[in-house]
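Coordinate-derived values only; no laboratory data. Fair warning: this is a prediction, and the values are worked out from it, not measured in the lab. Here the Cβ is made from the backbone with ideal geometry for all residues, glycine too, and neighbour counts use every protein chain on show.
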Amino acid sequence: MYKLCFFVPEADLEIVKQALFDLGVGRIGDYGSCCWQTLGTGQFRPLSGSNPHIGQQDELEKVAEWKVEMVCDDQLIGQAVATLKQAHPYEEVAYDVWRLEDL
């Protein structure tokens, strides 16, 4: 089992979550579409050569983003990351993948 964590702007939150839920990510036993999400502020500066979805090159940008965490079965994690990158609006998606232990 893995935990997938990513950051997404508010306007795209439900679209990205639903793409992952449709794949089967976020299932815990007999419950589906499970996740934890918190609102925060993301910060980045698009560098030369970037094609930013939000902001402009060489200007610091601060944007309301949701941090979303959901569990993912072992056999889905590669497909989950690919789906996240496909559904997410950012050119470079900020995400973490953690392997979980069953204790």
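Relative to the longest principal axis of the Cα atoms of the chain, helix 77-87 runs at roughly 40 degrees. Going from the residue with the fewest nearby Cβ atoms within 10 Å to the one with the most, W66, W36 rank W36, W66.
Ordered by the number of other Cβ atoms lying within 10 Å of each residue's own Cβ, fewest first, L103, L39 fall into the sequence L103, L39.
Note on the chain: with charges restricted to the Cβ of Lys and Arg (+1) and Asp and Glu (-1), its dipole about the Cα centre is near 40 debye.
Of all the options G24, G42, G78, the one that moves most in a Gaussian network model of the chain with Cα springs shorter than 10 angstrom is G78.
Evaluate E = 1/(1 + (r/R0)^6) for E10 and S50, where r is the Cβ-Cβ distance and R0 equals 25 Å; express this FRET efficiency to the nearest 0.05. With R0 = 25 Å, the Cβ-Cβ based efficiency is 0.75.
In deg cm²/dmol and to the nearest 500, what is the mean residue ellipticity at 222 nm of the chain if only DSSP H runs of at least 4 residues count, each as -39500 (n - 2.57), divided by the residue total? Before the final figure, lay out each step's value.
On the way: 2 runs with 22 residues, N = 103.
The helix contribution divided over the chain gives -6500 deg cm²/dmol.
Taking only C-alpha pairs under 8 Å that are 6+ residues apart, what is the relative contact order of the chain in percent? The normalised contact order for the chain reaches 45 percent.
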